[in-house]
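K.L.:
Let me give you the structure first, and then I'll get to my questions.
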Amino acid sequence: MGEIERESMEVDVVIVGAGPAGLSAAIRLKQLDPDLNVVVLEKGSEVGAHILSGAVLDPVGLDALLPDWKERGAPVTVEVTKDNFYILGPAGQIRIPNWPMPPLMSNHGKYIVSMGNVCRWMAAQAEALGVEIFPGMACSELVYGENGEVKGVVAGEMGRQSDGTPGPNYEPGMALLGKYVFLSEGVRGSLAKEVIAKYDLSKGKEPQKFGIGMKEIWEIDPDKHRPGTVTHTMGWPLGGNAGGGSFIYHLDNNQVYVGFVVHLNYANPYLYPYMEFQRFKHHPMVAELLRGGKRIAYGARAISEGGWQSMPKMVAPGVALLGCSVGMVNVPRIKGNHNAMLSGKAAAEAAYEAIRAGRAGDELTAYEEAVRTGPIGRDLKRVRNVKPMWSKWGMVPSLVLGGFDMWTNNLFGLSLFGTLGHGKTDAEATEEASKHKPIDYPKPDGTLSFDRLTNVAFSFTNHEESQPCHLKLKDPEIPIRVNLPKYAEPAQRYCPAGVYEVVEKDGKPAFVINFQNCVHCKTCDIKDPSQNINWTTPQGGDGPNYPNM
């Protein structure tokens, strides 16, 4: 088949991803110049369909972007009223008082929100300013100019058959071309990954680190509901097997967000993050809260955890990386949405000045400088050692030393530890199965805990089965020839949606990819010890359809 012919459309700025970063950029561009032509492309079936976040929102990003957000009716109404932190054991818990914690750890003045609903509201604000937003438009490839700059994306290609050839209803999509392209795809986006590799943007930086975050929405007994209550835990059930912890946020309508995060630098390939989450809900404190309630939604998403020292260069010719495409989560605060919004605003201001000066297709260096020297940089730099301390020394030492380090950064703007490195990638941290023992997980009871496939149904994920599998194996033989004997094929366990299986076929083990189950968390792309899985975007509109995550 020859080169595919596509229609093209030229605009001023193309934004990939209608999350908090991309929508903030779109809003700010139209605030600065209503005549700019700004297009936002979103792979979800609607804005918010693929948004999954805790979330306790620090409103500083909204304050900077839309100072009158309260008057505009933003769905940011449940203010934090109580802030709890516990270390769990198998049968009890110890509450850590708030007073030793640095002020930056306080959640008072913050809001428990559905980021999906916040993004839907932000999309309405953007459209009112004249931004064009196109949901269901997956961006499958980048368009490069004659000088190697990024000048656009291909969006909306649909109708390929399972073997990759165009089917009878094939649509080639359209090339959206802009003076600048913003990539705000979230964690481990396929286009951002390509840009980082092509322009060597991670050169001289620490490897990015990740966690897998799993979340359920529960409707609980009204007598147990405490709107505005925030609870975080560490310790059981992970113990020394992995870093991580939980969150329990009481929002409105008798609903509670119950979430669990596992750092992906764990060594034992038998660790099963999803089952750790399910086991956590049987802790007496958690079980008492949830008993008599019902789970109404489930989802999972990778989280960037590398912080300050892992942020790649954010710009290349014609393109800028925003929000979690860079990795702007403040790990100890468990917050990144505010930085995503601020990054979108900063990128918009840099692009506006460049376009006003007659520029196009160059590097928006003013954006990177604004991020590193402005509020985002200050937020991340002062907590930069918490994650590597945890990885190197474990939970208790990191609590003490990390707290001390945050205090010295908060009071004096310095760290006695300098800037610690992360070392290995999360894939490289995986050790051989022969060094570990399998972990015996209790069977889900169907009331507090659930098997993966049952829970995946509550993500409302859907993929057209006749399309090509979007989870690409560089070498189809590696899962059985290398990963199974060496690592007990951990894809069977690290995926929170049951996408990967090892089954017996003709008396031999075979690797099966159930891509229809995929919730787009990207964990496989990150954790596979052989780095053999490449997550690519499926056709637009496919994937999870989160209600109000």
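K.L.:
Residue by residue through region 360-373, which ³J(HN,Hα) values in whole Hz follow from phi under the Karplus form 6.51 cos²θ - 1.76 cosθ + 1.60 (θ = phi - 60°), with glycine and proline marked x?
P.N.:
For region 360-373, the Karplus curve yields 6, x, 9, 8, 8, 5, 5, 5, 4, 4, 5, 5, 6, 9 Hz.
K.L.:
While we're looking at this one, here's another question. Can you compute the charge dipole magnitude of the chain about its Cα centre, using +1 on each Lys and Arg Cβ and -1 on each Asp and Glu Cβ, nothing else charged? Give it in debye, rounded to the nearest 20.
P.N.:
So the dipole magnitude of the chain works out to roughly 1940 debye.
K.L.:
Enter the accessible area of ARG279 (Å², nearest 10), with the probe set to 1.4 Å and all protein chains included.
P.N.:
Result for ARG279: roughly 50 Å² accessible.
K.L.:
Accessible area per residue for the chain in Å², computed with a 1.4 Å probe and the full protein assembly in place, what is it?
P.N.:
Numbers: 21400 Å² over 549 residues.
Ligands and nucleic acids excluded, the result is 39 Å² per residue.
K.L.:
Also, I was wondering about something else. If DNA, RNA and ligands are ignored and the probe is 1.4 Å, what is the ranking of HIS283, HIS50, HIS108 by accessible area, most exposed first? Display every interim value, and only then the final one.
P.N.:
Numbers: HIS283 0, HIS50 25, HIS108 95 Å².
Result, largest first: HIS108, HIS50, HIS283.
K.L.:
Quick one: ranking ILE96, ILE526 by accessible area, 1.4 Å probe, largest first, what do you get?
P.N.:
Greatest to least solvent exposure: ILE96, ILE526.
K.L.:
Using only the heavy atoms of the protein chains and a 1.4 Å probe, how would GLU489, GLU206, GLU7 rank by accessible area, largest first? Working shown, then result.
P.N.:
Working: GLU489 0, GLU206 60, GLU7 130 Å².
Output order, biggest surface exposure first: GLU7, GLU206, GLU489.
K.L.:
Same structure again: In nm, to one decimal, how far is the THR373 label point from the GLU10 one, both placed 7 Å along Cα→Cβ?
P.N.:
So the label points at THR373 and GLU10 sit 3.4 nm apart.
K.L.:
Starting from the amide H of ASP83, placed 1.01 Å from N in the peptide plane, find each other amide H under 5 Å away whose residue is 5 or more places distant or on another chain.
P.N.:
VAL230
K.L.:
Further, regarding this structure: Going toward the positive end of the dipole of the chain, with +1 on Lys and Arg Cβ and -1 on Asp and Glu Cβ, which of GLN492, PHE134, ALA74 do you reach last?
P.N.:
The listed residue farthest towards the positive side: GLN492.
K.L.:
Now a separate question. Going through the cross-link list LYS215/LYS335; LYS203/LYS392; LYS70/LYS209, which pairs have a Cα-Cα distance over 27 Å in this structure?
P.N.:
The pairs that break the limit, which is 27 Å between Cα atoms, are LYS70/LYS209.
K.L.:
Need one number: % antiparallel among DSSP beta bridges in the chain, to the nearest 5.
P.N.:
On the way: 61 of 88 bridges.
Antiparallel bridges: around 70 percent, rounded to the nearest 5.
K.L.:
Further question on the same structure: Reachable aspartates and glutamates from LYS381, Cα under 19 Å, same-chain residues fewer than 8 places away excluded?
P.N.:
Counting by Cα, and skipping residues close in sequence, LYS381 has these aspartates and glutamates nearby: ASP58, GLU206, GLU305, GLU368, GLU369, ASP405.
K.L.:
Can you give me the Cα centroid spacing of region 88-123 and region 222-275 in angstrom?
P.N.:
Spelled out, the Cα-based centre of one part sits 12 Å from the other.
K.L.:
How large, in percent, is the carbon and sulfur part of the accessible surface of region 161-234 at a probe radius of 1.4 Å?
P.N.:
After summing per-atom areas, the C and S share lands at 49 percent.
K.L.:
For region 108-172, rounded, prolate or oblate, judged on the Cα gyration tensor with a ≥ b ≥ c (square roots of eigenvalues), a/c < 1.5 rounded, else prolate if a/b > b/c? Working shown, then result.
P.N.:
Details: a/c = 2.51, a/b = 1.76, b/c = 1.43.
Prolate shape, in that a/c is at least 1.5 and a/b is the bigger ratio.
K.L.:
Same structure again: List the residues whose amide H sits under 5 Å from the amide H of GLY178, counting only those 5 or more places along or on another chain, with H placed 1.01 Å from N in the peptide plane.
P.N.:
The answer is VAL11, GLY152.
K.L.:
Please work out the Cα center distance from region 492-544 to region 337-377, rounded to the nearest Å.
P.N.:
35 Å
K.L.:
Taking the Cα centre of the chain as the origin and placing charges on Cβ (Lys, Arg +1; Asp, Glu -1), which of CYS119, GLN309, SER246 is farthest toward the positive end of the dipole?
P.N.:
So the residue furthest toward the plus end is SER246.
K.L.:
Let me ask you something else. What dipole magnitude, in Debye to the nearest 20, does region 5-117 give about its Cα centre under +1 on Lys/Arg Cβ and -1 on Asp/Glu Cβ?
P.N.:
With only Lys, Arg, Asp and Glu charged at Cβ, the dipole is about 680 debye.
K.L.:
Sorting check: for 428-439, 287-298, which peptide has the highest mean count of neighbouring beta carbons within 10 Å, and how do the rest follow?
P.N.:
On the way: 428-439: 14.3, 287-298: 17.2.
With the highest mean Cβ count within 10 Å placed first, the list reads 287-298, 428-439.
K.L.:
Taking the Cα centre of region 101-206 as origin, work out the dipole magnitude from +1 charges on Lys and Arg Cβ and -1 charges on Asp and Glu Cβ, in debye rounded to 20.
P.N.:
Once rounded to the nearest 20, the dipole reads 440 debye.
K.L.:
Under 5 Å between amide H atoms, partner at least 5 residues away or on a different chain: which partners does VAL78 have, H built in plane at 1.01 Å?
P.N.:
ILE112
K.L.:
Let me ask something else. Cα to Cα, under 20 Å, and not fewer than 8 places away if on the same chain: which aspartates and glutamates meet these conditions relative to LYS224?
P.N.:
GLU79, ASP83, GLU216, ASP252, GLU288
K.L.:
For n ≥ 4 DSSP H runs only, could you compute -39500 (n - 2.57) per run for the chain, divide by its residues and tell me the 222 nm figure to the nearest 500?
P.N.:
The per-residue figure over the chain is -7000 deg cm²/dmol.
K.L.:
Which residue, chosen from CYS518, MET389, ASN169, occupies the Cα position most advanced towards the positive end of the dipole of the chain, where the dipole is computed from +1 (Lys, Arg) and -1 (Asp, Glu) charges on Cβ about the Cα centre?
P.N.:
The residue sitting most towards the positive pole is MET389.
K.L.:
Something else now. Sticking with the crude label model, points 7 Å out along Cα→Cβ, report the distance from LYS203 to LEU411 in nm, one decimal please.
P.N.:
My value for the distance between the label points is 4.2 nm.
K.L.:
Could you tell me the distance between the Cα centroids of region 401-432 and region 1-73, to the nearest Å?
P.N.:
First find each Cα centre; the distance between them is then 33 Å.
K.L.:
Further question: Using protein chains only and a probe of 1.4 angstrom, how many square angstrom of TRP308 are accessible, to the nearest 10?
P.N.:
50 Å²
K.L.:
Sticking with this one: Count of lysine pairs in region 404-545 with Cα atoms under 23 Å apart, counting only pairs 8 or more residues apart in sequence or on different chains?
P.N.:
Going through region 404-545 pair by pair, I get 24.
K.L.:
Counting only protein heavy atoms and using a 1.4 Å probe, what share of the accessible area of region 1-117 belongs to carbon plus sulfur, as a whole percent?
P.N.:
Ligands and nucleic acids excluded, carbon and sulfur give 50 percent.
K.L.:
Rounded if a/c is under 1.5, else prolate if a/b beats b/c, else oblate: with a ≥ b ≥ c from the C-alpha gyration tensor eigenvalues square-rooted, which is region 192-330?
P.N.:
Prolate, because a/c is 1.5 or more and a/b exceeds b/c.
K.L.:
Further question: Starting from the Cα of GLU288, step 7 Å along the direction of its Cβ; do the same at ASP252; then give the gap between the two resulting points in nm.
P.N.:
It is 2.9 nm.
K.L.:
Still on this structure: Please list 60-72, 511-523 highest first by mean number of surrounding beta-carbon atoms within 10 Å per residue. Display every interim value, and only then the final one.
P.N.:
Numbers: 60-72: 15.8, 511-523: 21.6.
Those peptides, ordered most packed to least, come out 511-523, 60-72.
The values are calculated or read from the model by the stated rules, or taken from the named source; none is laboratory data. Predicted, not measured: the structure shown is a model, and the values here were computed from it. Note that we place each Cβ from the backbone using ideal geometry, even for glycine, and neighbour counts take in every protein chain shown. The area values use the complete protein model at the heavy-atom level, side chains included, leaving out ligands, DNA and RNA. Shrake-Rupley method; radii C 1.70, N 1.55, O 1.52, S 1.80 Å.
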